[in-house]
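Following: one structure in structure tokens, then a few remarks.
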Amino acid sequence: MNRTNKICMRFILIFLLGLFFSISINATNLRGQVVRYNPNTGTYYPLGGVRVDLIIWNGSQWIDLSYAVTGQDGFYYFINVYPGYAFRVQVFNNLFPAQPLTVLQVNPPYYQDIPWVIT
């Protein structure tokens, strides 16, 4: 490989890496928690091991984009979601919240917090 080809390959590699990182920087992280209300004690407790689906509006229909499973603390995370999309989460075949939210630009390591899902 001659010198010109090596320079071109390096330039292309740097360009692609820059493109990748610029796209990744625009992504955000979502965090929520699934809890259950105990009417006997009047308290909420986290639900672990619950499947949570991320439903995104693509402009013409709702799409089940991804899912997460809650940890023992009831928290779930969706990483690298692109801002601007309307979204809801689905837990136990119910959509939360009642009105769709919009993914905001929040730079990692911070999260856009989603309101509690109370079951």
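The values are calculated or read from the model by the stated rules, or taken from the named source; none is laboratory data. Treat the numbers as computed from the prediction; the structure is a model and nothing was measured. As a convention, Cβ positions derive from the backbone with ideal geometry for all residues, glycine included, and neighbour counts pool all protein chains shown.
Just a few scattered comments:
- Remark: pairs (first residue in the stretch 51-65, within 16 Å of LEU101 (Cβ to Cβ) and at pLDDT 95 or above; second residue of a type in the set (Ser, Thr, Tyr) and in a strand (DSSP E or B); Cβ separation under 8 Å; 6+ apart in sequence or on different chains) = VAL52/TYR67; VAL52/TYR76; ASP53/SER66; ASP53/TYR67; LEU54/SER66; LEU54/TYR67.
- Pairs with Cβ under 6 Å, 6+ apart, first in the stretch 107-119 and closer than 16 Å to LEU54 by Cβ, second part of a loop (DSSP other than H, G, I, E, B): GLN112/LEU104; GLN112/VAL106
Yes/no per residue for (1) part of a strand (DSSP E or B); (2) at pLDDT 95 or above; (3) within 12 Å of the chain's Cα centre (by Cα); (4) within 20 Å of ALA27 (Cα to Cα):
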| position | (1), (2), (3), (4) |
| --- | --- |
| TYR67 | yes, yes, yes, yes |
| GLN72 | no, yes, no, no |
| TYR76 | yes, yes, yes, yes |
| ILE79 | yes, no, yes, yes |
| PRO83 | no, no, yes, yes |
| GLN99 | yes, no, no, no |
| LEU104 | no, no, yes, yes |
| ASN107 | no, no, no, yes |
